[in-house]
Structures are given as C-alpha cells and as structure tokens.
1. For region 107-190, which GluC sites (Glu not before Pro) are in a loop by DSSP, counting at most 16 other Cβ atoms within 10 Å?
2. Between region 130-191 and region 32-109, how far is it from one alpha carbon centroid to the other, in angstrom?
3. Compute the FRET efficiency between Ala116 and Gln234 as 1/(1 + (r/R0)^6), taking r as their Cβ-Cβ distance and R0 = 35 Å, and round to the nearest 0.05.
4. Would you mind ranking Trp79, Trp40, Trp112 by Cβ crowding within 10 Å, fewest neighbours first?
5. Name the shape class, rounded, prolate or oblate, that the alpha-carbon gyration tensor gives for region 37-81, where a ≥ b ≥ c are the square roots of its eigenvalues, rounded holds for a/c under 1.5, and otherwise prolate holds if a/b is larger than b/c and oblate otherwise.
6. Residue-wise, which Karplus ³J(HN,Hα) couplings in Hz belong to region 75-89, taking 6.51 cos²θ - 1.76 cosθ + 1.60, θ = phi - 60°, and x for glycine or proline?
7. Net charge around Glu157, counting only other residues with Cβ within less than 11 Å of its Cβ (Lys, Arg = +1; Asp, Glu = -1)?
8. Assigning unit charges at the beta carbon (Lys, Arg +1; Asp, Glu -1) and nothing else, what dipole magnitude in debye, to the nearest 20, does region 43-131 show about its Cα centre?
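Just so you know, all these numbers are worked out from the coordinates, no wet-lab data involved. This structure is a prediction, so every number in the text was calculated from the model and none was measured. Neighbour counts run over all protein chains shown; Cβ positions are idealised from the backbone, glycine included.
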Amino acid sequence: MKFTTRILVLIFVLIIAGLLSSNMILKKQYDAIDKSDIYWTYNKVLEQPFKYLNITGGNETNIYYEPSAKPSVRLLQEWVKYHNGKIKASVRNDTLFIDFDYKPANPFEKFWLANAAPVRIFSPELLSVTGNNTHFEMQKVKQKNINVNITGRSKFEVESMSKTMGTVNVYQRDSSEIVFEISPEYLTTVVTDNTRIGFSATNTTQTNRDESMNINSVNADVGGHCLLDIGHAQIQSLKLHIEDSSGIILSGGTLKKLNNASSSNKLQ
C-alpha cells in the first residue's frame, strides 16, 4: 500500500471516529433532557423564588409568563446560540428584575426577534408587574388579584384561566396598552355528530367561544396616550381616573352600570 493511500485511509478512519464520537456525545446530551418539559428547548438562567416582577425592555419581541410550581427564567437556546441573546436577571426582596437590553444586529435579526419568544418566566404566582418599554404576556393565569404598573411604549396582556378575578389595580403612562381577557386554553370546543344510518355522514363542529369574564374591582389610573382594554369583563366596582388623551374599552354591561349610577347621583 502506497504511503499516500495509507494517509488517506488514516484520515478517513479519523473522520469516521470523530463523527461517531460526536454522535455519542450529542445522544448523551439529548437523553439527559427532560422530554416531559414542553420548554426543553430553553435554558434555565435563574431558579430563585420571587413574587413580583420589574422588567425593562423587550418591546420588540415577546416575553411570556406561565404559572408553575418551580420558579425559573429561561432563554431560548436558538436565541443564545445563534443570535448571542442574553438578559440581566436577578432577585432582590422577592422581586425579579429583568433588563432586556439586547439590540438586534441587523434587519433579519430584528424580524426574527419580533416573531420569537426568547424569554419565558415561571413562578407559582406573580402578584405585581412593573414594566417599561416591554411586551409582556401572562398566560394561563389562575390567580385572582394583580397590581400592574406599565409605562413607556409597552404592551401587557393577562389571559385568565378563571372566569372571575378579584381586585385589579392598574397604573398606565406614556403610550402603553393593557388587555385583560379569558385564556384561549379555557375556551371549549363542542363537537356534534349528526351521522345517521343510510345517510351520508354529516359532522358539524361548533366552537363555543364564551370570552366573557367578571372582575370584582378595578382601580385604574390611565394617563398619557394609553389604552386599557377590559371590554370582555363585567366589572362590579370601577374606580377610574383617565386623562383626556387616553382611552378605555368597557363592556356594554359595565357601561350600563356606570350610566345607572350616574343617573342615580343626578336624582339625589
């Protein structure tokens, strides 16, 4: 066998050995992943307990919260590995502080970030949220009460798993938007099968989207060019301070209640 042939064979053997070795390493890493965790593509960067959130930045992407027995802050592996994604996260006095100061390097990364969910936050409950220039959504929320302080160019949304919430306190400034609504996970789908023998099968699927909810008490201070959307809720008690440049969306039932209260005051 020629010397060059031996070299080529040796190189080929080394390549095959390298591929097999890397494959075994990757398989070991994959097997170590908890597949029962639907967010296994996220890395945990913080696991300290907290009850309150103070978040700055992230209004060009999507940051999500879900209730969980174990608290954690997670970053999407793809964002970290291919886009150099990172945040500053710390806990002080039961408050989670997050600084999302990431800047996209180019228009492609900006587009990717706008359609991604690079950060996910988990805890048993989140009693208050303070946010500035952020886009933050609370999903599958089971708690009854919450305090919200949203400023800057922000969007904040609460999707409740309960048809009834207790006390909601809202403070808004600048050009922020806040929405309270029922969670899509709560909505049910009813399937009716009208199949009869001797006739062609006729299946009718009807989606029951009862998105109404009740809030016992709302205390809202809305200023600047903000919008508060609580139009899906029937509100029992509403204390509202709203500036002329701001807007609020209320349900017909809540508006009738306000009109009746106003008429009663005029008669007195």
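1. Passing sites in region 107-190 are Glu125, Glu185.
2. Region 130-191 and region 32-109 have Cα centres separated by 19 Å.
3. For Ala116 and Gln234, the calculated efficiency is 0.50.
4. Result, fewest neighbours first: Trp40, Trp112, Trp79.
5. On the way: a/c = 1.78, a/b = 1.07, b/c = 1.67.
Oblate.
6. 10, 5, 4, 4, 5, 5, 6, 9, 10, 6, x, 7, 9, 9, 9
7. Residues close to Glu157 contribute a combined charge of -4.
8. Working: 11 positive and 9 negative charges, 38 e Å.
The dipole magnitude comes to about 180 debye.
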